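Student: Just dropping this structure here.
Derivation of every value follows stated rules applied to the coordinates shown; laboratory data play no part. Treat the numbers as computed from the prediction; the structure is a model and nothing was measured. Note that each Cβ is placed from the backbone with ideal geometry, even for glycine, and that neighbours are counted across all protein chains shown.
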Amino acid sequence: MREFEFAVPVVVVGGGACGAVAALAADAAGAEVLLIEQDAKPTGTTAMSQGLMCAAGTAQQALLGIDDSADQLFADIVAKTRGQTDPAIARAIADGSGPCLDWLSADIGYPFELDLGFRAAYGHSRQRLHGWPGHGGADMVQFLHQKLAERGIDVLMQARLVEIIADGDIVYGIIVERPDGAREAIGCGALILACGGFAANHAMVSAHMPEAATARHNGHEGNRGDGIRLGADLGAALADMGSYQGYAMLADPHGITVPPGILVEGGVLLNSAGRRFVDEVDDIAGMVHPVMAQPGGTAWVVFDAAIEALCAYTLEVQALRDTGAIRGAENVGTLATMIGADPAVVARTLAELEARAGATDSFGRVWGKDRPPQFPLHVIKVCGAIYHTQGGLMIDGEARVVRTDGSRFANLFAGGGSARGVSGPSYWGYLPAMGLGSAITLGRIAGMSAARAAMPT
Ligand SMILES: Cc1cc2nc3c(=O)[nH]c(=O)nc-3n(C[C@H](O)[C@H](O)[C@H](O)COP(=O)(O)OP(=O)(O)OC[C@H]3O[C@@H](n4cnc5c(N)ncnc54)[C@H](O)[C@@H]3O)c2cc1C
């Protein structure tokens, strides 16, 4: 056992959603906690997000008469990942997401509401996306850190984890580095790695997901994979390292996410030849590749005022409007000129769309009651990007890190981007709002498990 000048029962690394929720949960379980964060101000990928979380069987859903359950979410995860997800983690997230949201709402005061504007789509069979109306991920991080402060939970900013001190399956402490290069050792009874994924680490992206190596990165630059690398150095197993959320609709050059509702409510994607090329409501993450494969790696989202109105409550649509990213096309000629296509091809594409209203189109998109967009059209130029990774440290259903020999660390836990999620092995298994859904759910599980490990009865 190493001696440390300073030691805390539970140390959490990373101040995003996973780390903040883990710290709150460990504190609620009675453990003394220290959260460390490398940045001067907590942001992380969480602050860039829309702040939407998927969760099943919540009090909010019950109130609105939505028939959802942990079993239904589990079935949706298994279906979306073609059965290639870890059932123990999927079970933990499916079972834990509703209680986690209800706890955050009732005990921590997070003002969640069910996002009724986000239909059950892209693999979710129920309406289960929850958020804070009028607020995105930046407000979420601020809110969670305010709650950490109110509960007297210590947070050490500008302290980067550079080493984990362990022997066999037991972690004794960590070394952090300060901006001036000074290093400090901190002892701990349990350690939670919540320091994000590796989307900002180009070497790791190229090695594990070469098809995304040329994609733009639109996530937090702190996602260098530190937790994953340091855990692996101790003998932790890694899993699903090729898993990530790409996104097909990053406004170009504005860098603002076009919300998926624009497509779900009837929008379509055209390429510079004026043709559609994909079922726009099939796969929220996987659609990045068809977009990247188009000439110039760009496409145009085409919708109309009625579709925009249905999504106007989102912060992103407001930002797209404010920055002038949404342009108008009164007729075929203006649209064709805007995207550089032959007007005859554009006219044919739109006529084909109109003919398919209420039916299934040649890409397999089922239009149901939806109407394709009508003139005057609204148009946004977009490109594909990688947003966040979904593979990482292998964990069990208690968020405990698993070693390469299958045994578990006694007191090392992980969640969020640092841990293997439930999106399967590649880019096609991501369910909407599962990034934060799994970050907060695993954060809570890790916090409770770490408190137990640090304070054995
Ligand atoms: C544009 C965008 C929109 C998104 N929208 C959504 C959405 O609406 N819903 C959803 O479910 N998902 C969304 N996601 C994904 C979601 O944001 C992430 O899955 C989630 O935020 C991950 O949380 P985290 O706590 O694991 O990581 P982060 O929020 O990235 O937090 C990790 C923290 O660890 C710190 N850190 C890293 N290394 C170290 C170190 N060595 N020492 C100390 N600190 C360190 C980082 O600085 C960072 O603050 C979106 C992603 C992007 C990019």
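Student: Which angle from 0 to 90°, rounded to the nearest 10, does the C-alpha axis of helix 343-356 make with the longest principal axis of the chain?
Tutor: 80 degrees
Student: Sketch the reach of a paramagnetic label on Ala120 as a point 7 Å from Cα along Cα-to-Cβ, and name the residues of the stretch 416-442 whose backbone nitrogen lies under 18 Å away.
Tutor: 431-434
Student: Here is a further query. Against the longest principal axis of the chain, how steep is helix 70-80, in degrees 0 to 90 to the nearest 10, with axes from Cα atoms?
Tutor: Approximately 60 degrees, to the nearest 10.
Student: For an R0 of 25 angstrom, estimate the FRET efficiency from the Cβ-Cβ distance between Ala203 and Val162 and round to the nearest 0.05.
Tutor: 0.90
Student: Continuing with this model, one more query. Sort Tyr427, Tyr172 so the one with the fewest other Cβ atoms within 10 Å of its own Cβ comes first. Intermediate values should be presented prior to the final figure.
Tutor: Numbers: Tyr427 24, Tyr172 19.
Ranked by crowding around the Cβ, least crowded first: Tyr172, Tyr427.
Student: Starting from the 7 Å offset along Cα-to-Cβ, what nm value, one decimal, do you get for the label separation of Arg371 and Ala305?
Tutor: Label-label distance for Arg371 and Ala305, simple model: 1.2 nm.
Student: Can you tell me the mean projection area, over all orientations, of the convex hull of the chain's alpha carbons? Units nm², please. Please list the in-between numbers first.
Tutor: Numbers: hull surface 84.9 nm².
Projected over every direction and averaged, the Cα hull of the chain covers 21.2 nm².
Student: Estimate the FRET efficiency between Glu150 and Glu211 by the formula 1/(1 + (r/R0)^6), using the beta-carbon distance for r and 41 Å for R0, to the nearest 0.05.
Tutor: E between Glu150 and Glu211, to the nearest 0.05, is 0.35.
Student: Let me ask something else. Rank the residues Ser418, Ser105, Ser407 as a footprinting-exposure proxy: fewest other Cβ atoms within 10 Å of their Cβ go first.
Tutor: Ordered by Cβ neighbours within 10 Å, fewest first: Ser407, Ser105, Ser418.
Student: Figure the gain on full extension for Ser272 and Ala344 (residue separation times 0.36 nm, minus the Cα-Cα span) and round it to one decimal in nm.
Tutor: 24.6 nm
Student: How high is the FRET efficiency from Thr404 to Glu330, r the C-beta distance, R0 60 Å, rounded to 0.05?
Tutor: Working: r = 61 Å, r/R0 = 1.02.
For R0 = 60 Å, the calculated efficiency reads 0.45.
Student: Given labels modelled 7 Å from the Cα in the Cβ direction, how far is it in nm from Asp71 to Thr337?
Tutor: Those two pseudo-labels are separated by 6.0 nm.
Student: Further question: Before rounding to the nearest 500, sum -39500 (n - 2.57) across all DSSP H runs of length at least 4 in the chain and divide by the residue total; then give [θ] at 222 nm in deg cm²/dmol.
Tutor: So the calculated ellipticity at 222 nm is -9500 deg cm²/dmol.
Student: If you take every DSSP beta bridge whose two residues both sit in the chain, what share of them, in percent to the nearest 5, is antiparallel?
Tutor: Counting DSSP beta bridges with both partners in the chain, the antiparallel share is about 70 percent.
Student: Given labels modelled 7 Å from the Cα in the Cβ direction, how far is it in nm from Ala138 to Arg229?
Tutor: Spacing of the two 7 Å Cα→Cβ label points: 2.9 nm.
Student: How would you classify the stretch 246-386 from its alpha-carbon gyration tensor, with a ≥ b ≥ c the square roots of the eigenvalues: rounded for a/c under 1.5, else prolate if a/b is greater than b/c, otherwise oblate?
Tutor: Rounded shape, in that the Cα axes give a/c under 1.5.
Student: Residue farthest toward the positive end of the dipole of the stretch 246-386, with Cβ of Lys/Arg at +1 and Asp/Glu at -1: which of His289, Thr349, Phe277?
Tutor: Thr349
Student: What is the stretch 246-386's relative contact order, in percent, from Cα pairs under 8 angstrom and six or more apart in sequence? Intermediate results must be reported in sequence, preceding the final value.
Tutor: Working: 273 pairs, mean separation 55.5, N = 141.
39 percent.
Student: Tell me the relative contact order for the chain as a rounded percent, counting alpha carbon contacts under 8 Å between residues six or more apart.
Tutor: It rounds to 25 percent for the chain.
Student: Could I ask something else about it? How long is the gain from Glu354 to Ala106 if the chain were fully straight, where each residue apart is worth 0.36 nm and the alpha carbon distance is subtracted?
Tutor: Roughly 84.5 nm would be gained on extension.
Student: Cα to Cα, under 25 Å, and not fewer than 8 places away if on the same chain: which lysines meet these conditions relative to Lys41?
Tutor: Partners found: Lys147.
Student: Test of understanding: extend the Cα→C-beta vector of Asp396 to 7 Å, then name every residue of the stretch 86-103 with backbone N under 19 Å from that spot.
Tutor: Of the residues in the stretch 86-103, 86-96 have backbone N under 19 Å from the label point off Asp396.
Student: Fewest to most neighbouring Cβ within 10 Å: what's the order for Cys188, Cys18? The partial results should precede the final answer.
Tutor: Working: Cys188 27, Cys18 36.
Ranking Cys188, Cys18 by Cβ neighbours within 10 Å, fewest first, gives Cys188, Cys18.
Student: Assign one of three labels to the stretch 1-69, namely rounded, prolate or oblate, based on the Cα gyration tensor with a ≥ b ≥ c the square roots of its eigenvalues; rounded applies when a/c is under 1.5, prolate when it is not and a/b is larger than b/c, and oblate otherwise.
Tutor: Oblate is the answer for the stretch 1-69, as a/c is 1.5 or above yet b/c matches or exceeds a/b.
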